[in-house]
Structures are given as C-alpha cells and as structure tokens.
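A.B. asks: Handing you this structure, nothing more for now.
The values are calculated or read from the model by the stated rules, or taken from the named source; none is laboratory data. As the structure is a computational prediction, the values presented were derived from the model and not from experiment. Positions of Cβ are backbone-derived with ideal geometry, glycine not excepted, and every protein chain shown enters the neighbour counts.
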C-alpha cells in the first residue's frame, strides 16, 4: 500500500489539524441540550451591523458572477479609512490567508521564522507547512519577550510574528517597547504584527501598527473583519505593508480569494463604526464582569485587552471544560498552546456572561 503520509513534506507530516471551537450544533447533538452558549471562538456576540445584513440582501442577485478579484472597492475604502495607499494593501480570506501568503513568499527550508511561546497556532502552522524552521521564544509573563526575540534573530531569520494583543493570552506589547524592537531588527527580517483584536484595545500606550509601516519598511500589519466588525463567517482580512511586499503577496494570492459577499460586507462595515463602538462597549462591560467573578471565586486570570479572558484554574482544566459542556457552555481549552491549566473565555452578551459564571460556580 502506498505510504501517502510518508510522501508528504516533513513539515506537513508533523502538523496536527487546526482545532476550532466546538460548534453549538455538535454539543446539542452529543448531549441532547438546547440553548447552548458558545464562548469559545472570540466572535463578536453582537454579530454584524444591521447595515451589513441589508447590504448582503441587496447583493444576493449577483451570486452568479465572480467577485472582483482585485477587491477594488474595498481597497479604495480601506485606503481612505486607514490613510494608506492601495498599493500597500493585500486582501485575504481572513487575516489567516494573508499570514499564509507571507509564508509562501518569504519562507523556505533554508530559512526560519520566530514566534513566541503561547502565540497564535497559525504562525507555526504556516511555517512548518512550507518546510521552514521554527524558533519558539519562551514567553515572559505569558507575553512576547521582545528582548529574547531580538537576540534570537540571525542571518536565516526571515519572519518574526508578533500578535498584539496575543491570542490566547490577551497580553500586549506597549508602543515604546515595539519601537525599540523595530529600531534594532535587521532589514532582512520582516516583522509581522498581527492586530486582529486592534479595535478592542483601549490602552493609551498601545501602538497603531499601521502608523509605523511608513517608518519601518520591513513591518507588515495584519487586521481582520472577523472580530469587532462581526464578520467571522464571511472571512475577510487584510494587510498593510511596503508596496513591494504587497505586490509579491498578490502574485501568489489565489484568484478570487475573497468572495463577493465578503467584499460587500467589509465595505459596508467600515461605514458602520457606531456598531464597532457598541461592540467595544459591550466587551468592556463584560470583561469587568468576568474579572470580578474570577476575583470572587479565587480564580487567577491573565489581564487581557482583547475580547476574551484566559483564566487559570491552577490544575488540569479538562474536567472543568467538560463540566461546563454538560452545563451547556462552550469555552476553549488551550492545552495545545502549552497551557493545560487554562481556559479561554470569549466575552459574550450580558446574559451569556452570567450563564458562564453560574455554570462555572456549579462545576467548581
């Protein structure tokens, strides 16, 4: 019998499939439950703006036609919104797509990427799938140690991934620290600043990566419409980079990689910033409720500036996770991130947050 696994690239053979949060329908099927609450995938509990829903309805009649492969309208709207040239933009099927494009352009078995311990699982996935080497820097207080990251850079380093804030820990890099780091990074190294949760951050010294791209040509910033804009199901994200980098990424990008409905939704969402503001407000209130509950229950947590909170149970979190499932609440175990004692909880609607707290009290 043919050894199909043995025929694959070594890096691919070492990978495990990405495990998304457990779907509501699956849990209801398994346990015969109804009214399940899902707080596992960092989704916006408000969903998209009503303006987006209306725009999608109007666009349905064009489903027989291919989308605009150049994403002309979205690029021009983003250009206005962000104050950058359209030549700096690459549109992806979610920001994960953009991360993979960067890996395809710049990684090979001859070079490496650098990531932090506990960082987003897609960074090692796209690195190893290409066959490139991966260097993992031990975390400092669950966040990225920029000094250790800088010290690890060598002539083989091509990409350094920094999630700001980081998923799943919620930790973040301050602007002075990021600038000090970028000032010292060699020009042959590209720094990928993943700002998927950018809109949720309200800290005064949190950097706006896009403001730094013109100053650091080797900086690439990625963002998404999946979180604060509530378009997770439609998968649309983008990067801002030096035009030459964007040009190369667009050469390897699949034709029509972003569907027409996603393009319509993203353009409309940019014109519905009041919905983003409300999403941030709901998140702020929910975060305060969850952190207060952790204090009352004597449970540790990692301070977060995203739309999720990672709690520290001080013991194997699997039985707690399974107990919450039986209570009809889905959260995210993160042992795959080297954190077997932690659970990541997405901030939900007020009633969903209350349901989680009640379920946690019951399970504990």
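A.B. asks: Considering 70, 85, which residue is surrounded by fewer than 17 Cβ atoms within 10 Å (Cβ to Cβ) and free of Cβ contacts under 8 Å to residues at least 12 places away in the same chain?
C.D. replies: 70
A.B. asks: Same structure, new question: Within 30 Å of residue 61 (Cβ to Cβ) and part of a strand (DSSP E or B): does that describe residue 238?
C.D. replies: yes
A.B. asks: Considering only residues that are in contact with a strand residue (DSSP E or B) (Cβ under 6 Å, 6 or more places away or on another chain) and assigned to a helix (DSSP H, G or I), which ones fall in the range 82-97?
C.D. replies: 88, 95
A.B. asks: Taking the condition of being surrounded by 19 or more Cβ atoms within 10 Å (Cβ to Cβ) and over 20 Å from the mean Cα position of the chain (by Cα), how many residues in the range 134-149 meet it?
C.D. replies: Result for the range 134-149: 1.
A.B. asks: Name the pairs: first residue in the range 112-129 and not assigned by TED's automatic domain parsing to the domain that holds residue 97, second residue part of a strand (DSSP E or B) and modelled with pLDDT under 95, Cβ to Cβ under 9 Å, at least 6 apart or on different chains?
C.D. replies: Pairs found: none.
A.B. asks: If you go through the range 202-211, how many residues are part of a loop (DSSP other than H, G, I, E, B) and surrounded by 20 or more Cβ atoms within 10 Å (Cβ to Cβ)? If you could, list the steps in order and put the result at the bottom.
C.D. replies: Looking only at the range 202-211, we keep the residues that are part of a loop (DSSP other than H, G, I, E, B), and these are 202-208.
Keeping just the survivors that are surrounded by 20 or more Cβ atoms within 10 Å (Cβ to Cβ) gives 207.
Number of matching residues: 1.
A.B. asks: Sticking with this structure for a sec: Restricting to the range 291-313, count the residues that are crowded, with 23+ Cβ neighbours inside 10 Å and part of a loop (DSSP other than H, G, I, E, B).
C.D. replies: 3
This table checks each residue for (1) crowded, with 21+ Cβ neighbours inside 10 Å; (2) out of contact with any strand residue (DSSP E or B) (no Cβ under 6 Å at 6 or more places or on another chain); (3) closer than 22 Å to residue 200 by Cα; (4) modelled with pLDDT under 95.
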residue	(1), (2), (3), (4)
240	yes, no, yes, no
248	no, yes, no, no
255	no, yes, no, yes
280	no, yes, yes, no
317	yes, no, no, no
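A.B. asks: If you don't mind, another one. Just wondering, is there one or more residues in the range 172-184 that are touching a residue at least 60 places away in the same chain (Cβ under 8 Å), outside the structural domain of residue 306 (by TED's automatic domain parsing) and touching a strand residue (DSSP E or B) at 6+ places or on another chain (Cβ under 9 Å)?
C.D. replies: Of all residues in the range 172-184, those touching a residue at least 60 places away in the same chain (Cβ under 8 Å) come to 172.
If we keep only those that are outside the structural domain of residue 306 (by TED's automatic domain parsing) as well, we get 172.
Filter once more, so that each one left must be touching a strand residue (DSSP E or B) at 6+ places or on another chain (Cβ under 9 Å): 172.
Within the range 172-184, one or more residues are touching a residue at least 60 places away in the same chain (Cβ under 8 Å), outside the structural domain of residue 306 (by TED's automatic domain parsing) and touching a strand residue (DSSP E or B) at 6+ places or on another chain (Cβ under 9 Å).
A.B. asks: Continuing with the same structure: In this structure, is residue 247 assigned to a helix (DSSP H, G or I) and touching a helix residue (DSSP H, G or I) at 6+ places or on another chain (Cβ under 8 Å)? Even if it seems obvious, please write down each step before you answer.
C.D. replies: Working: assigned to a helix (DSSP H, G or I): yes; touching a helix residue (DSSP H, G or I) at 6+ places or on another chain (Cβ under 8 Å): yes.
The answer is yes for residue 247.
A.B. asks: Would you tally the residues in the range 224-238 being under 18 Å from residue 68 (Cα atoms) and touching a residue at least 60 places away in the same chain (Cβ under 8 Å)?
C.D. replies: The number of residues fulfilling the criteria is 4.
A.B. asks: Can you confirm whether residue 301 is in contact with a strand residue (DSSP E or B) (Cβ under 9 Å, 6 or more places away or on another chain) and closer than 28 Å to residue 32 by Cα?
C.D. replies: no
A.B. asks: Take the range 192-207 and flag every residue that is free of Cβ contacts under 8 Å to residues at least 60 places away in the same chain and either under 16 Å from the mean Cα position of the chain (by Cα) or at positive phi (or both).
C.D. replies: Taking the range 192-207 and keeping what is free of Cβ contacts under 8 Å to residues at least 60 places away in the same chain, we get 193, 195, 198, 204-205, 207.
Scanning the range 192-207 gives 193, 195, 198.
To keep it simple, each residue is scored yes or no on (1) at pLDDT 95 or above; (2) assigned by TED's automatic domain parsing to the domain that holds residue 133; (3) touching a strand residue (DSSP E or B) at 6+ places or on another chain (Cβ under 6 Å).
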residue	(1), (2), (3)
41	no, no, no
60	no, yes, no
65	no, yes, no
69	no, yes, no
73	yes, yes, no
77	yes, yes, no
80	yes, yes, no
99	yes, yes, no
103	yes, yes, no
